[in-house]
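To start, the structure under review is shown below, and the notes come after it.
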Amino acid sequence: MSLITWVLFESFYALAGALALALYLLLVLWRRGGSRRLFVGGCAVAALLLIAQPLVVTQRERAGLILDAVARDIVEGRTNALTGALAPRFTLGALNAREFVEQVERRLRRSPVREARRSRLEILESTGDRFRVETTYVVTLSNEDFGRMVRSRWHVSFEDVDGEWRISSIDRAWLETMEWPIADLLR
């Protein structure tokens, strides 16, 4: 199902390639004595799918947009996007949203983030008003004159709060190193 969602709604090039192949096959059928209506109908369906694709935003795309905005803000040393992305009932262990943001701000002052790259995003579970994703990051932390790359995997839950998707909880699935102060935040 995720492959179908990805082709139909998330990847323009995959959809365009699949439609081009289907239209080519319909063209060959038409030229070999088949119905012209089938080819024209295929062109109409292809046009509708290509027009509709940018209008549909999937949960994976929503999560990616939110997480990328937070990561960009963190690299800049700010927490505005993080504050705006957290749901009122956010939890990370014993921390609520305000305490979590304060902890992140303290850690950013001690070990700024030079780069944060998200390498994958997968929907784990989904219901009407909430969904959970697993995402992988490679973060370069800087401390004094050197940097350290840390790889990690996270389970992030989103919920619909008054028509906006917000982060309701974050759970660490895997963290490469526990040597850095940021690890204290994530315990």
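The values are calculated or read from the model by the stated rules, or taken from the named source; none is laboratory data. Note that this is a predicted model, so its numbers are computed, not measured. No Cβ is skipped: glycine too gets one built from the backbone with ideal geometry, and neighbour counts run over all protein chains shown.
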Return the only residue of Ser152, Ser157 being under 26 Å from Ala87 (Cβ atoms), of a type in the set (S, T, N, Q) and modelled with pLDDT of 95 or more.
Ser157
Scanning region 92-108 for residues that are at pLDDT below 90 and surrounded by fewer than 17 Cβ atoms within 10 Å (Cβ to Cβ), the one nearest to Ser169 (Cα to Cα) turns out to be Gly93
Just to be sure before I move on: is Gln103 of a type in the set (S, T, N, Q), over 30 Å from Tyr24 (Cβ atoms) and either in contact with a helix residue (DSSP H, G or I) (Cβ under 8 Å, 6 or more places away or on another chain) or in a loop (DSSP other than H, G, I, E, B) (or both) in the structure I sent?
yes
Against the definition (aliphatic (A, V, I, L, M) and not in a helix (DSSP H, G or I)), how does Ala116 come out, yes or no?
yes
If we ask which residues in region 1-13 are surrounded by 14 or more Cβ atoms within 10 Å (Cβ to Cβ) and assigned to a helix (DSSP H, G or I), their number turns out to be 6
Options Ala97, Ala87; residue that is touching a residue at least 24 places away in the same chain (Cβ under 8 Å), more than 20 Å from Leu141 (Cβ to Cβ) and in contact with a helix residue (DSSP H, G or I) (Cβ under 8 Å, 6 or more places away or on another chain):
Ala87
Failed item in (1) closer than 20 Å to Ser152 by Cα; (2) assigned to a helix (DSSP H, G or I); (3) in contact (Cβ under 8 Å) with a residue 24 or more places away in the chain, with Leu19 passing the rest
(1)
Give the residues of region 12-33 that are in contact with a Leu (Cβ under 8 Å, 6 or more places away or on another chain) and farther than 30 Å from Val133 by Cα, sorted by residue number.
Leu26, Leu29, Trp30
Just one of (1) at pLDDT 95 or above; (2) closer than 19 Å to Arg151 by Cβ; (3) of a type in the set (A, V, I, L, M) trips up Val138, so point out which.
(1)
If you scan region 22-54, which residues turn out to be of a type in the set (Lys, Arg) and either in a helix (DSSP H, G or I) or surrounded by 14 or more Cβ atoms within 10 Å (Cβ to Cβ) (or both)?
Arg31, Arg36, Arg37
